[in-house]
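Since the structure comes first, as C-alpha cells, the remarks are kept for the end.
The values are calculated or read from the model by the stated rules, or taken from the named source; none is laboratory data. No experiment lies behind these values; they were computed from the predicted model shown. Every residue, glycine as well, gets a Cβ built from its backbone with ideal geometry; the counts of neighbours run over all protein chains shown. The area values use the complete protein model at the heavy-atom level, side chains included, leaving out ligands, DNA and RNA. Shrake-Rupley method; radii C 1.70, N 1.55, O 1.52, S 1.80 Å.
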Amino acid sequence: AQSVSQHNHHVILSEAASLELGCNYSYGGTVNLFWYVQYPGQHLQLLLKYFSGDPLVKGIKGFEAEFIKSKFSFNLRKPSVQWSDTAEYFCAVKPNDYKLSFGAGTTVTVRA
Amino acid sequence: ETGVTQTPRHLVMGMTNKKSLKCEQHLGHNAMYWYKQSAKKPLELMFVYSLEERVENNSVPSRFSPECPNSSHLFLHLHTLQPEDSALYLCASSQDFVAQQFFGPGTRLTVL
C-alpha cells in the first residue's frame, strides 16, 4: 500500500531561521506531489505541486520543494521563516488516479 | 475562500441522531471528495464522486452515506455514529482527477 511519511511531528523555530520538512513516499510509479498548508482556523490550501519537469519547485510565500526520485523524497524548504508561517504542513502524493494520500502532518511553530 | 463551502462548521450529535453535512463548490469542478481528518493521523479519503457517480468507497462504514445530487453539491448523511467518528470532515473538489484539489473549511463533528 502506498504511504507517505513526514519525519517531524512538531518543529519549533525562531523567526529568520531556515526550515526544512521531510517527506518520503513508498509508491514506485509515476506520482504527482503536493505540499498543503493549514493555518490556524483556516482550510487546507496548496503551497506547491510537482507534476513533471524541473524537480525544484517554487511555491507561494517563499516556499520551495525538491523532488529527488532516487530517494522517493519531496522535502519542503524555506530559507527564512516568519511568525505567520506557523501552521500545519501536509505532504501528499497522488499516482495517476484520484487517490491523494496524505502524510500525518508537521506542526510548525515559529517564535517571534 | 477557495470556492468550496461546508455547512455546518460545527456539529454535536448523539449516537442515535441523524444529521447531514453539506458541501458546495462554486468552481465548476467535476470531481468531489469527502475526507476524514482525525488528530495526529493522515487525512483519510472516504468517498470520491466524478460527474455525480461514486467511484470510490474507501471501506467506510455504512453509518456514513454520501449523496451527490449534482456536480456542485455533495452530502454526507450520518446516522448511529460512534464517539470515535468525532473528527474534522473535509470536502474537496477538483476539475478532474489530475488537477489539484481545493478544500473546504471542514465540519468539526463531535459524537457524544
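How many residues are in contact with a Lys or Arg (Cβ under 9 Å, 6 or more places away or on another chain), surrounded by 21 or more Cβ atoms within 10 Å (Cβ to Cβ) and aromatic (Phe, Trp, Tyr) when one looks only at region B:80-112?
So the count comes out to 1.
Assess whether A:Ser70 counts as being more than 14 Å from chain B (Cβ to nearest Cβ) and modelled with pLDDT under 95.
yes
Do we have any residue at all in region A:96-105 that's within 10 Å of another protein chain (Cβ to nearest Cβ), within 21 Å of B:Phe97 (Cβ to Cβ), out of contact with any Leu (no Cβ under 7 Å at 6 or more places or on another chain) and without any contact (Cβ under 8 Å) to a residue 40 or more places away in the chain?
Yes; the residues of region A:96-105 include at least one that is within 10 Å of another protein chain (Cβ to nearest Cβ), within 21 Å of B:Phe97 (Cβ to Cβ), out of contact with any Leu (no Cβ under 7 Å at 6 or more places or on another chain) and without any contact (Cβ under 8 Å) to a residue 40 or more places away in the chain.
Can you find, within region B:88-104, the residue that is farthest from the other protein chains (Cβ to nearest Cβ) among those that are small (Gly, Ala, Ser) and within 18 Å of B:Gln37 (Cα to Cα)?
The extreme case among them is B:Ser93.
Hey, among B:Ser71, B:Ser62, B:Ser50, which residue is open to solvent by less than 60 Å² (accessible area, probe 1.4 Å) and more than 12 Å from chain A (Cβ to nearest Cβ)?
The match here is B:Ser71.
Starting from region A:1-12, take each residue that is more than 10 Å from every other protein chain (Cβ to nearest Cβ) and list its partners that are part of a loop (DSSP other than H, G, I, E, B) and modelled with pLDDT under 90, counting only C-beta distances under 8 angstrom and pairs at least six apart or across chains.
The qualifying pairs are A:Gln2/A:Tyr27; A:Gln2/A:Lys99.
When you scan region A:76-95, do you find a residue that is in a loop (DSSP other than H, G, I, E, B), open to solvent by 30 Å² or more (accessible area, probe 1.4 Å), within 11 Å of chain B (Cβ to nearest Cβ) and touching a residue at least 60 places away in the same chain (Cβ under 8 Å), even just one?
No, every residue in region A:76-95 fails to be in a loop (DSSP other than H, G, I, E, B), open to solvent by 30 Å² or more (accessible area, probe 1.4 Å), within 11 Å of chain B (Cβ to nearest Cβ) and touching a residue at least 60 places away in the same chain (Cβ under 8 Å).
What is the number of the single condition among (1) surrounded by 20 or more Cβ atoms within 10 Å (Cβ to Cβ); (2) within 8 Å of chain A (Cβ to nearest Cβ); (3) in contact (Cβ under 8 Å) with a residue 12 or more places away in the chain that B:Pro42 does not meet?
All conditions are met except number (3).
Taking B:His77 as meeting all but one of (1) touching a residue at least 24 places away in the same chain (Cβ under 8 Å); (2) open to solvent by 50 Å² or more (accessible area, probe 1.4 Å); (3) not in a strand (DSSP E or B), write down the number of the exception.
Answer for B:His77: the failing condition is (3).
For region B:14-39, name all the residues that are within 14 Å of chain A (Cβ to nearest Cβ), assigned to a strand (DSSP E or B) and farther than 14 Å from B:Phe103 by Cα.
none
Any chance you could count how many residues in region A:96-112 are outside any loop (DSSP other than H, G, I, E, B), more than 26 Å from B:Val55 (Cβ to Cβ) and open to solvent by 10 Å² or more (accessible area, probe 1.4 Å)?
3
So that you can scan it fast, the table gives a plain yes or no per residue for (1) out of contact with any helix residue (DSSP H, G or I) (no Cβ under 7 Å at 6 or more places or on another chain); (2) open to solvent by less than 20 Å² (accessible area, probe 1.4 Å); (3) of a type outside the set (Phe, Trp, Tyr):
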{"residue": "A:His7", "(1), (2), (3)": "yes, no, yes"}
{"residue": "A:Glu15", "(1), (2), (3)": "no, no, yes"}
{"residue": "A:Tyr27", "(1), (2), (3)": "yes, no, no"}
{"residue": "A:Val31", "(1), (2), (3)": "yes, yes, yes"}
{"residue": "A:Pro40", "(1), (2), (3)": "yes, no, yes"}
{"residue": "A:Leu47", "(1), (2), (3)": "no, yes, yes"}
{"residue": "A:Val57", "(1), (2), (3)": "yes, yes, yes"}
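Only residues that are in contact with a Pro (Cβ under 9 Å, 6 or more places away or on another chain), of a type outside the set (A, V, I, L, M) and in a strand (DSSP E or B): list them for region A:59-73, please.
Once the filter is applied, which keeps residues that are in contact with a Pro (Cβ under 9 Å, 6 or more places away or on another chain), of a type outside the set (A, V, I, L, M) and in a strand (DSSP E or B), region A:59-73 yields A:Glu64, A:Glu66, A:Phe67.
Could you pull out the residue among B:Val55, B:Val48, B:Val4, B:Val60 that is aliphatic (A, V, I, L, M) and touching a Ser or Thr at 6+ places or on another chain (Cβ under 6 Å)? Full working, then the answer.
Working: B:Val55 fails: touching a Ser or Thr at 6+ places or on another chain (Cβ under 6 Å); B:Val48 fails: touching a Ser or Thr at 6+ places or on another chain (Cβ under 6 Å); B:Val60 fails: touching a Ser or Thr at 6+ places or on another chain (Cβ under 6 Å).
Residue meeting the stated conditions: B:Val4.
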